[in-house]
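> Quick one: the structure is below, and I'll ask about it shortly.
The values are calculated or read from the model by the stated rules, or taken from the named source; none is laboratory data. These numbers were taken from a predicted model, which means no experiment stands behind them. Cβ placement follows ideal geometry from the backbone for every residue including glycine, while neighbour counts extend to all protein chains displayed. Ligands, DNA and RNA are excluded from the accessible area calculation, which covers all protein heavy atoms including side chains. Shrake-Rupley method; radii C 1.70, N 1.55, O 1.52, S 1.80 Å.
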Amino acid sequence: MQPESTPATQRAVKLPSVDKLMLDPSALLLTEKYGRTRVVNEVRKLLAELRVEALSHAGAMEKAGEADISTIVSSVSERLRQADVSPLKCVYNLTGTVLHTNLGRALLPDVAVQAVMQALSSPMNLEFDLETGKRGDRDDLVEDLLCELTGAEAATVVNNNAAAVLLLLSTLAGEHHGEVIVSRGELVEIGGAFRIPDIMLRAGAKLHEIGTTNRTHLADYANAINPQTALMMKVHCSNYAISGFTKSVDLEQIAVLGRERGIPTAVDLGSGTLVDLSEYGLPREPTVRETVAAGADLVTFSGDKLLGGPQAGIIVGRADLIAKIKRNPLKRALRVGKLTLAALEPVLALYRAPEMLRDRLTTLRLLTRPRADMQQQAEQLLPLLQQALGSAYLVSAEAMLSQIGSGALPVDQLPSYGLSIRAALEHKQSNALGKLEKLLRDLPRPVLGRIAQDALWLDLRCLEAAQQPEFAQQLGLLRASHLTGGQ
Ligand SMILES: *Cc1c(COP(=O)(O)O)cnc(C)c1O
């Protein structure tokens, strides 16, 4: 460092040296916990900041001068502690959206959690055939199960459904810029910049739009087929509904046409459930099995939407087409890791016992929770929350509606129950709800609700009974006087 001759610098120089600080007993303790390199770096950074402060503010000069060893070491300790807090935190999802993409979608059942734990720390026969002792294919771990559950001939798994669609288009239409026929009513944007036309372009395929936004006929498909046609594709309307004067063509008819003309038919199902949800009291969704049975040559769907597993994209269908997909070099770039397969396999296996699925599959259990459960929880939690918030807010237990999320069944809502919080009259003007929302987010385990109609809604569907005590305990931390105060 260049010595300067201003009085301020002279004063700043009074800061203890790094060496001296490092000899302090509490600093030594820190080195045991964090390693000497990190502690020294943090000490240097802090001393540099104090020096700058001393140079720029007359008032701070004294502060820097005052900075004794123990205050400096304890600041360093606090900074190191904060740097070690993971940015990825567990939260309470009380938004009312069960499969919330921004909150990581499906929660996995215990069997999957255990399998992932083992896979994390042990070598596995990921691509190794224990029978022959030769190299295997990672898809083998789930392919038979997927075929059993969907009636398809073959299956493969990639990183997510977006990847599945990309890989499918690239394989069937990408190489020779083949045309893919899609109805204008199905050219959807899924969210997060995933738009069918864009994906098509990136996959090297040529989009051939047919029909109109609200109506497409079988003749539109038939008339569009030409020597460049590589594929006919249907996309499930995941996150919107077209109603009124509408017509779309049944998959069966398109598949028959495709077979007559030698063109494969693919369906992007999006959520793609493996069971008839109406048997569990939920709105109906086309199952993967039905879609395969209706004649689709390939079907793609997500692992972490209604299926209730890890993030993954699954492609099932004709053996020759799946084999071709597996040979596409992009498959190597889009493949899943061992953690995904470790989690996916036991989740799929649960589907072999559909009558037990409601208990065992977390996603289905949350989606089918009876309203009375949530109502009971709401009544238990209401006095605790009201007490924590004080008179600035009015808490009430109310019926509300949850949604499935991730684009599944966008128009159907599930009867739920929870707490709604309104600002007391005198605080209505002060963004009291926004402040409360922030306070809830600042809790050690952040609580996420949603603001609508002048209230903050905490839907209790995703707070299972086992978590309730911990949730209730944390509410005590809200008992802060600054709730409706200044900032
Ligand atoms: C959700 C969805 C996708 C994207 O799936 P991810 O698993 O999120 O990549 C693609 N198509 C449809 C129809 C979807 O609903």
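> Within segment 272-331, which residues are over 16 Å from residue 351 (Cα atoms) and of a type in the set (Lys, Arg)?
Across segment 272-331, the qualifying residues are 284, 318, 324, 326, 327, 331.
> Moving on. Answer yes or no as to whether residue 265 is at pLDDT 95 or above, away from the ligand (no atom under 15 Å from the Cβ) and of a type in the set (Val, Ile, Thr).
The answer is yes for residue 265.
> I'd like to check which helices (runs of 4 or more DSSP H) are fully inside segment 122-235 and have at least 1 residues that are closer than 18 Å to residue 315 by Cα.
140-150, 161-169, 196-202
> Oh, and also: Among what's in segment 291-316 and is of a type in the set (S, T, N, Q) and touching a helix residue (DSSP H, G or I) at 6+ places or on another chain (Cβ under 6 Å), pick the residue that is farthest from the ligand (Cβ to nearest atom).
Only one residue tops the list, namely 300.
> Of these, 333, 424, 349, which one is touching a residue at least 12 places away in the same chain (Cβ under 8 Å) and over 30 Å from residue 275 (Cβ atoms)?
424
> Let me ask you something else. I'm told residue 293 meets every condition in (1) closer than 30 Å to residue 204 by Cα; (2) without any contact (Cβ under 8 Å) to a residue 60 or more places away in the chain; (3) over 25 Å from the mean Cα position of the chain (by Cα) except one. Can you identify the failing condition by its number?
(2)
> I need the full set of residues from segment 122-166 which are in contact (Cβ under 8 Å) with a residue 12 or more places away in the chain, open to solvent by 50 Å² or more (accessible area, probe 1.4 Å) and of a type in the set (A, V, I, L, M, F, W, C), in order please.
124, 141
> Starting from residues that are open to solvent by less than 20 Å² (accessible area, probe 1.4 Å) and in contact with a strand residue (DSSP E or B) (Cβ under 9 Å, 6 or more places away or on another chain), keep the ones in segment 188-210 and report whichever is farthest from the ligand (Cβ to nearest atom).
Among them, the one singled out is 210.
> Working only within segment 331-361, note down all residues that are β-branched (Val, Ile, Thr) and part of a helix (DSSP H, G or I).
Correct list: 340, 347.
> Something else about it: Can you find, within segment 229-246, the residue that is nearest to residue 179 (Cα to Cα) among those that are surrounded by fewer than 19 Cβ atoms within 10 Å (Cβ to Cβ) and within 16 Å of the ligand (Cβ to nearest atom)?
Per the criteria, the residue is 237.
> Given (1) surrounded by fewer than 23 Cβ atoms within 10 Å (Cβ to Cβ); (2) touching a Leu at 6+ places or on another chain (Cβ under 8 Å), identify the lone condition not met by residue 343.
(1)
> Conditions: (1) acidic (Asp, Glu); (2) touching a Leu at 6+ places or on another chain (Cβ under 8 Å); (3) open to solvent by less than 20 Å² (accessible area, probe 1.4 Å). Residue 179 meets all but one. Number of the miss?
(3)
> Name the one entry in 275, 299 that is over 20 Å from residue 158 (Cα atoms) and over 18 Å from the mean Cα position of the chain (by Cα).
Checking each option against the conditions leaves just 275.
> Restrict the check to segment 88-111 and report whether at least one residue is among the hydroxyl-bearing types (Ser, Thr, Tyr), part of a loop (DSSP other than H, G, I, E, B) and either modelled with pLDDT under 95 or out of contact with any strand residue (DSSP E or B) (no Cβ under 8 Å at 6 or more places or on another chain) (or both).
So far as segment 88-111 goes, no, none of its residues is among the hydroxyl-bearing types (Ser, Thr, Tyr), part of a loop (DSSP other than H, G, I, E, B) and either modelled with pLDDT under 95 or out of contact with any strand residue (DSSP E or B) (no Cβ under 8 Å at 6 or more places or on another chain) (or both).
> Name the single residue that is modelled with the lowest pLDDT among those in segment 437-475 being assigned to a helix (DSSP H, G or I) and over 24 Å from residue 86 (Cβ atoms).
465
> Could you please let me know if residue 226 is surrounded by fewer than 21 Cβ atoms within 10 Å (Cβ to Cβ), at pLDDT 95 or above and out of contact with any helix residue (DSSP H, G or I) (no Cβ under 6 Å at 6 or more places or on another chain)?
When the stated conditions are applied, residue 226 passes them.
> To continue, here is another question. Collect the residues in segment 141-161 that are more than 16 Å from the ligand (Cβ to nearest atom) and within 12 Å of residue 297 (Cα to Cα), keeping them in residue-number order.
Of everything in segment 141-161, those that are more than 16 Å from the ligand (Cβ to nearest atom) and within 12 Å of residue 297 (Cα to Cα) turn out to be 151, 152, 153, 154.
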